[in-house]
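**Q** There's a structure below that I have some questions on.
The values are calculated or read from the model by the stated rules, or taken from the named source; none is laboratory data. Just so you know, these numbers come straight off a predicted model, no measurement behind them. With ideal geometry, Cβ positions are generated from the backbone for all residues, glycine too; neighbour counts draw on all protein chains shown. Ligands, DNA and RNA are excluded from the accessible area calculation, which covers all protein heavy atoms including side chains. Shrake-Rupley method; radii C 1.70, N 1.55, O 1.52, S 1.80 Å.
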Amino acid sequence: MRAEFLVQFFIKMKRTEIKSLLSTAPEEQTVTVMGWVRNFRSNRFIILNDGSTINDLQVVVDFENFDENLLHQIKTGSSIKATGKLVASQGSGQAVELICEELHLFGAADASEYKLQPKQHSLEFLREQAHFRMRTKTFGAVFRIRHAIAYAIHKYYNDRGYYYLHAPIITGSDAEGAGEMFHVTTFEPNEAPLNEDGSINYKEDFFGKATNLTVSGQLQAEAGALALGKVYTFGPTFRAENSNTTRHLAEFWMIEPEVAFFDITDNMDLAEDFVKYLINYVLDNYPDDLAVLDQRIQQLEKNMKTEDRRPMGLIETLRFVVDNEFERITYTEAINILRNSKPYKKGKFQYDVEWGKDLQSEHERYLVEKKFSKPVIVVDYPKDIKAFYMRLNEDGKTVAAMDVLFPGIGEVIGGSQREERLENLLARMEEMDIPEEELWWYLELRKFGSVPHAGFGLGFERMVLFITGMGNIRDVIPFPRTPKSAEF
Ligand code: 4AD
Ligand code: MG
């Protein structure tokens, strides 16, 4: 009894991850692996994956040695434990394989109902199977890389003396002034108490005031920067904008560094160094996952016309971005370039190009993909198209705002030097009808120990989108929230 218990215990303890087995010298040592069956080929080769790596382990089973009933249940998607000897592989494609001696089925996966079969599924189909799609090679790679980028973000800032600040998720203010917020209330829709004028009386609500999910942690990060010097936030943000595009989510993650004594140039330098670091980190540490994503794109583009294909492969693109300096231009220069461009002259742009109007994604993509063929930072936008907190430039017309634009994606970063002068800030808020009472604490940061400071927000999913080469932002977050969609 006791001996049996010990044996069981030993086997449990000895689970080895496939990632480490694949780089272990095969000496016929006994090992145990656990994972999900990708495929069971010729009733002899189980292709097993446990998520530790994109690569699979081949488990060889001799039909005679196992219960037929058991083997019949081993199908794509079922979960097993296999114990056996690790040997050099006879076949090509892998260095080692496992000669199975003991097999245990954790959970079957009925092939008539399990939707993920060993063939190419469309990404649209897999979005409806989001609870299983992480088991595919493509999504396994995407989510390992998503993790890697998150880790690299913390490492980057920690190594440089920044402090991770947790901004609140429920707030009373609209940091971006865009009004695209989800309300947070405990009132039932039809039973909210009303004021005499018929409006909802939020004084009786849970927080005693109207609240919403945050669109950005910036305002709180500014308070942090004006005490701790260098901070960054990294949390979920929410926007109720009805943008059904491949670049927008209703719930996405944002990284917002905020630095005291920084001006707009320091801010641009930080942004460029930061995103290059993230790309380098993934290039250095996740070559196998990147290679599979790269091949996937080449496969997809095989039958496309040359002009529809991406100009470079994925890894090539990433190397190109880290090896070249980003182009830096002012908004005014951007407008001039666009108005002199072929598509503008031929009337190919859908939206007008005029000083004072915001750049649309077709304009951003022209600058990045056609004009400069590399990331572009645009600075000094007209004040009227930007948020109230951005610092007014000497011309009185533009603010020290910056957007970082990437090929294939457009804006990945938006940031600015902040208006640290109380008078200017008050004037801007009045112009934009932002009530002072709501932001009394933000204004006090300008009354007591105000200093020049700057920061930006990196859209986490847009960065993951760029590094993985995926085409739709819904495919780089585990369970996407978009208009009319909050399944899972
Ligand atoms: O440009 P945004 O709106 O800037 C801010 O929120 C500032 N408070 C940041 C700051 O200065 N601290 O958003 C920043 C980035 C965008 O550049 C984009 O990458 C991403 O957040 N983003 C979205 N990503 C996915 N879905 C959406 N709906 C997004 N909206 C913005
Ligand atoms: Mg922006």
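**Q** With +1 assigned to the C-beta of every Lys and Arg and -1 to the C-beta of every Asp and Glu, and no other charges, what is the dipole magnitude of the chain about the Cα centre in debye, to the nearest 20?
**A** The calculation lands at about 1760 debye.
**Q** Right, something else. Find, among the chymotrypsin sites (Phe, Trp or Tyr not before Pro) in the range 57-125, those assigned to loop by DSSP (not H, G, I, E, B) with at most 15 other beta-carbon atoms within 10 angstrom.
**A** Answer in residue order: F66, Y114.
**Q** Rolling a 1.4 angstrom probe over the protein heavy atoms, how many square angstrom per residue are accessible across the chain?
**A** With the other protein chains kept in place, the chain gives 51 Å² per residue.
**Q** Okay, moving on. Quick one: what does P(r) look like for the chain with 10 Å bins over all Cα pairs, in whole %?
**A** 4, 16, 23, 22, 16, 11, 6, 2, 0
**Q** Enumerate the lysines that K397 could reach by cross-link, defined here as Cα to Cα under 20 Å, with residues fewer than 8 away along the same chain left out.
**A** Reachable lysines: K357, K383, K386.
**Q** Nearest 10 degrees is fine. How inclined is helix 422-431 to the longest principal axis of the chain, computing both from alpha carbons?
**A** Rounded to the nearest ten degrees, it is 90.
**Q** With bins 10 Å wide starting at 0, give me the P(r) of the range 2-107 over every alpha carbon pair, in whole percents.
**A** Percent of Cα pairs in each bin: 15, 51, 30, 4, 0.
**Q** Can you give the FRET efficiency to the nearest 0.05 for K357 and R44, using r as the Cβ-Cβ distance and R₀ = 60 Å?
**A** According to the calculation, E is roughly 0.40.
**Q** Same structure, new question: Which one, S243, P257, V231, projects farthest toward the positive side of the charge dipole computed for the range 208-316 from Cβ point charges (K/R +1, D/E -1)?
**A** Ranked along the dipole, the leading option is S243.
**Q** What's the extension gain from I99 to Y344 if we count 0.36 nm per residue and subtract their Cα-Cα distance?
**A** Net length gain for the segment: 81.7 nm.
**Q** Which of the listed residues, S92, T24, F66, is farthest toward the dipole's positive end in the range 2-107, when Lys, Arg count +1 and Asp, Glu count -1 at the beta-carbon?
**A** Looking along the dipole axis, the top candidate is T24.
**Q** Between K371 and W440, what FRET efficiency comes out of the Förster formula 1/(1 + (r/R0)^6) with R0 = 41 Å and r the beta carbon distance, rounded to 0.05?
**A** Between W440 and K371 the formula returns 0.40.
**Q** Have a look at I297, N280, Y351 and report the one farthest towards the positive end of the charge dipole of the range 273-352, computed about the Cα centre with Cβ charges (Lys/Arg +1, Asp/Glu -1).
**A** Y351
**Q** Hey, any idea what % of the range 2-107's accessible area is carbon plus sulfur with a 1.4 Å probe?
**A** It is 51 percent, rounded to a whole number.
**Q** Right, something else. Quick one: if the Förster radius is 41 Å, what FRET efficiency do H131 and D263 give, using the C-beta to C-beta distance and rounding to 0.05?
**A** Calculated value: 0.30.
**Q** Give me the dipole magnitude in Debye, nearest 20, for the range 328-383 about the Cα centre, with unit charges on the beta carbon: positive for Lys and Arg, negative for Asp and Glu.
**A** That gives a dipole near 300 debye.
**Q** Nearest 500 deg cm²/dmol is fine: what mean residue ellipticity at 222 nm does the chain get from its DSSP H runs of n ≥ 4 alone, each adding -39,500 (n - 2.57), divided by its residue count?
**A** Rounded to the nearest 500, it is -9000 deg cm²/dmol.
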